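What follows is one structure encoded as structure tokens, with my remarks underneath.
Where a number appears in this text, it was derived from the coordinates with a stated rule and is not lab data. In this text, all values refer to a predicted model and were calculated from it rather than measured experimentally. Heads up, the Cβs are rebuilt from the backbone with ideal geometry, glycines too, and the neighbour counts pull from every protein chain shown.
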């Protein structure tokens, strides 16, 4: 269950697990931070030790299992408290998510549920909107962007003009869980990211291509408008046993018009 990594610049390393989920190690002159902890396949803490000599603390962007999977291995963990119900729900349903992922991710065929890291049972330390973490010569500012989850946060490094959209804005944003916000609330979050657009040049995510240009944000905002004005494809698809709807129909996982940025939503989130 080996991880791989790619050094993106002097301060940021992308770490990827066997399921293709990424987290990011951010190193300053005084300390280091791990943004998310992947799915829990293998000893992430030990792997991080091979990449940095600094003590590492963890920031969880939200409470989903594929971002909190190895958080229990670390002593210092932070998360927006609005996502505590999300974390609890995903902890309770972890076996279900694992078995579903096994059906579509070949690398997981040789793994048993017992091999996954233990659950994060302690309550993470609180993160507030606009809170700043000082790593020395660089800082991480947390931006609250409710939508995918109620406490979803985007870490932003002003010195590097870099923002981590994570799951907050991507090629297939999910607004399908009970705890997800409605589309109107989510659009307001995207407007906030748009208003600070001149403050970042680089966007990183945790899935798929792991990076996008700024057009992604415009495309997802357009999807919000399509849903709100009942102009979207409303194309049904099944995810984790539930029928949800693609704003723009996907063919082989990609939008039929070739653009990037989509929303998959439950019907009750359409307002």
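Determine the percent antiparallel among the DSSP beta bridges restricted to the chain, to the nearest 5. Walk me through the intermediate numbers first.
Numbers: 33 of 48 bridges.
Roughly 70 percent of the beta bridges in the chain run antiparallel, per DSSP.
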Antiparallel versus total DSSP beta bridges in the stretch 1-102: what percent is that, nearest 5? 65 percent
GNM of the chain, Cα pairs under 10 angstrom: of 115, 142, 132, the biggest fluctuation goes to 115
Using a 10 angstrom cutoff on alpha carbons, build the Gaussian network for the chain and name the most mobile of 176, 229, 148. 229
Taking just the C-alpha trace of the stretch 92-218, give me its Rg and Dmax in Å. 16.7, 46
Mean residue ellipticity (222 nm) of the chain, computed from DSSP H runs ≥ 4 via -39,500 (n - 2.57), nearest 500: -6000 deg cm²/dmol
Translational diffusion coefficient, Stokes-Einstein: compute it for the stretch 146-271 using the Kirkwood radius over C-alpha pairs as Rh, at 25 °C and 0.890 mPa s, and state it as an integer in µm² s⁻¹. 169 µm²/s
Springs between alpha-carbon pairs under 10 angstrom, Gaussian network model over the chain: which of 44, 95, 119 fluctuates most? 95
Sequence ranges 201-213, 163-175, ranked by mean other-Cβ count within 10 angstrom, highest first: 163-175, 201-213
Let me see the pair-distance distribution of the chain: every alpha carbon pair, 10 Å bin width, integer percents in order. 7, 31, 38, 21, 3, 0
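Label the stretch 1-131 by shape, choosing from rounded, prolate and oblate, from the square roots a ≥ b ≥ c of the eigenvalues of the Cα gyration tensor; if a/c is under 1.5 it is rounded, and otherwise prolate applies when a/b is larger than b/c, oblate when it is not. It would help to have the intermediate numbers written out before the result.
Numbers: a/c = 1.99, a/b = 1.20, b/c = 1.67.
Oblate.
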